[in-house]
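Working notes for the structure below.
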Amino acid sequence: MSKYTDAAKQLLEHVGGSENISVVTHCATRMRFVLNDPKKADIKKVEEIDIVKGTFTQAGQFQVIVGNEVASFYNEFTAIAGVGDTSKDEAKQAAKQNMNILQRLIGHLADIFTPLIPALVVGGLILGFRNVIGEINMMNGGTQTLVEVSQFWAGVHSFLWLIGEAIFHFLPVGITWAISRKMGTTQILGIVLGITLVSPQLLNAYGVPGSDAIPAWDFGFAQVDMIGYQAQVIPAILAGFVLAYLELGLRKVIPSVVSMIFVPFFALIPAVLVAHVVLGPIGWTIGSWISNVVYSGLTSAFGWLFAALFGFVYAPLVITGLHHMTNAIDLQLMSEFGGTNLWPMIALSNIAQGSAVVAMIILNRRDEKEKQVSVPAAISCYLGVTEPAMFGINLRYVFPFLAAMVGSALAAIISVGSGVMANSIGVGGIPGILSIQVHHMLVFAVSMLVAIVVPIILTMVLAKTKMGINAYKRLGK
Ligand SMILES: OC[C@H]1O[C@H](O[C@H]2O[C@H](CO)[C@@H](O)[C@H](O)[C@H]2O)[C@H](O)[C@@H](O)[C@@H]1O
């Protein structure tokens, strides 16, 4: 019996038992259910469970917000419930859901990038650390970097790139794997497909612009360029879905007695071919187009407006669980422009939510019970995970949530307005500054300060207004 056993049993009962669970997965902070009959879930009782911070229903998916311990809780839950994480039904269920094309696309992107987040965050931390030791002139009176003066740090810098490269340049492997996982198809085939997009046999994507001759497969009647898709998102997404749909289609027509041989064979080879002949070049063009639009939008005269809007709505987007789609754009920006001006706003929004909680800690300093939730929630926000803060505190009172959104919008305007770029996605909280390009660190620090100070002051002011007083009354405080 673990410390999660009781809560897991209660959750199982209140979602309607194992028979009512079609699929259960988890992301960084929440359990995500596809329920056979959503009406059988007793939402009120689920929300009363100690470990549960809140619930949310998004496009037919019932999400239960647990917080940072969700992975351990999930293991206990699935062991008790006797259900696994992915299932063939998942794709069918998703298709049944009543979503328009845009909602489906965003939902797909969120599902693909959620399992990649731990690797992306480690990668961001590593690149951030390399940034500090390799770019900041902190030695010999500010004239040299640590790497320049010390063989040890030069070795560390070079070694860490092994991991950084594996995460960011070999990302297509993660994407095609995540798609096969999401679609309930054969995961190893997804991995193999991804490797064929970044294989060392190909000309590295980063070498393409300066290359005199592009190697090609010569089929006699036609040649196909042997180009790698390092760090490219869209080619991998397109190829991953082609493979998954081919496999799902073939499973229906190939007799099960020979399906183990013929399904992978007839799914993988055409998928790799189509990936290199059609999808790769098209996907690369679409990816460049998307990143150019976002980058131009943020660097245009109206950049501040986009920034204000993004900064304001990012936290509500996190509530829906669809925010992970921004990773696709960040990664595309990184491959196109060597950095992203979108991700710094994400870190700022997370910091702003944490700061609103800090204000609530100060305001409710005598409330010991609330402090058990609010203190860890604020720390978690400052380290990039906001659900415990939003569902545990800010959304319950509402006004701190609003104060954080305003602070986030202002900080985003400063960040984007000053041209801040991050080298990569990083830890989306205070350590996020390590991922910011060195010459932008100072101004980013200013926007961080705004994301801290404005929500704190605004939350305190709003607490004294009708909005704040009503919130306290509503919560019986
Ligand atoms: O849903 C979990 C969290 O997802 C986002 O944060 C995570 O992804 C960020 C990159 O998009 C990364 O910077 C951060 O460190 C990760 O925790 C979101 O920004 C958070 O608000 C959310 O809690």
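Worth a mention:
- Looking across the range 22-44, just one residue is open to solvent by 20 Å² or more (accessible area, probe 1.4 Å), assigned to a loop (DSSP other than H, G, I, E, B) and under 23 Å from Val427 (Cα atoms), and that is Ala28.
- Screening Glu47 on (1) assigned to a helix (DSSP H, G or I); (2) more than 26 Å from the chain's Cα centre (by Cα) shows it passes everything except condition (2).
- The set of residues in the range 301-322 that are in a helix (DSSP H, G or I) and near the ligand (Cβ under 10 Å from one of its atoms) comprises Tyr314, Ala315, Leu317, Val318, Ile319.
- Residue within the range 232-248 that is out of contact with any Leu (no Cβ under 7 Å at 6 or more places or on another chain) and under 26 Å from Gly128 (Cα atoms) present: yes
- Restricting attention to the range 293-307, the residues that are under 21 Å from the mean Cα position of the chain (by Cα) and touching a residue at least 24 places away in the same chain (Cβ under 8 Å) total 5.
- Screening Met334, Met360 for residues that are over 21 Å from Gly417 (Cα atoms) and either touching a residue at least 40 places away in the same chain (Cβ under 8 Å) or β-branched (Val, Ile, Thr) (or both) leaves exactly one candidate, Met360.
- Yes/no for Val52 being assigned to a loop (DSSP other than H, G, I, E, B) and under 25 Å from Val373 (Cβ atoms): yes
- Every listed requirement among (1) under 27 Å from Phe56 (Cβ atoms); (2) within 14 Å of the ligand (Cβ to nearest atom); (3) assigned to a helix (DSSP H, G or I) is met by Tyr472 save one, (2).
- Residue in the range 42-61 that is in contact with a His (Cβ under 8 Å, 6 or more places away or on another chain) and among the small types (Gly, Ala, Ser) present: no
- Scanning the range 148-189 for residues that are outside any helix (DSSP H, G or I) and either touching a Lys or Arg at 6+ places or on another chain (Cβ under 9 Å) or among the aliphatic types (A, V, I, L, M) (or both) returns Gly184, Thr185.
- Restricting attention to the range 201-255, the residues that are over 29 Å from Gly123 (Cβ atoms) and of a type in the set (A, V, I, L, M, F, W, C) add up to 12.
- Selection from the range 410-428 of residues that are in contact (Cβ under 8 Å) with a residue 40 or more places away in the chain, over 29 Å from Ile469 (Cα atoms) and either away from the ligand (no atom under 16 Å from the Cβ) or not small (Gly, Ala, Ser) (or both): Ile413, Val416, Gly417, Gly419, Val420, Met421, Asn423, Ile425, Val427
- Meets criteria (open to solvent by less than 20 Å² (accessible area, probe 1.4 Å), within 16 Å of the ligand (Cβ to nearest atom) and without any contact (Cβ under 8 Å) to a residue 60 or more places away in the chain) for Gly407: yes
- Long-range neighbours under 9 Å by Cβ, at least six apart or interchain, first residue within 16 Å of Pro400 (Cα to Cα) and modelled with pLDDT under 95 within the range 309-321, second open to solvent by 40 Å² or more (accessible area, probe 1.4 Å) and more than 10 Å from the ligand (Cβ to nearest atom): Ile319/Phe56; Ile319/Leu395
- If you check Pro388, Pro431 for being within 15 Å of the ligand (Cβ to nearest atom) and open to solvent by 30 Å² or more (accessible area, probe 1.4 Å), only one passes: Pro431.
- Entry remark, the range 73-128: residues being away from the ligand (no atom under 16 Å from the Cβ), in a helix (DSSP H, G or I) and at pLDDT 65 or above number 13 in total.
- Candidate set from the range 190-209 (those that are of a type outside the set (A, V, I, L, M, F, W, C) and not in a helix (DSSP H, G or I)); member that is least open to solvent (accessible area, probe 1.4 Å): Ser199
- Test: residue in the range 396-404 that is within 13 Å of the ligand (Cβ to nearest atom) and assigned to a helix (DSSP H, G or I): yes
The values are calculated or read from the model by the stated rules, or taken from the named source; none is laboratory data. Predicted, not measured: the structure shown is a model, and the values here were computed from it. Note that each Cβ is placed from the backbone with ideal geometry, even for glycine, and that neighbours are counted across all protein chains shown. Protein only, heavy atoms only, side chains kept; ligands, DNA and RNA dropped before computing areas. Shrake-Rupley method; radii C 1.70, N 1.55, O 1.52, S 1.80 Å.
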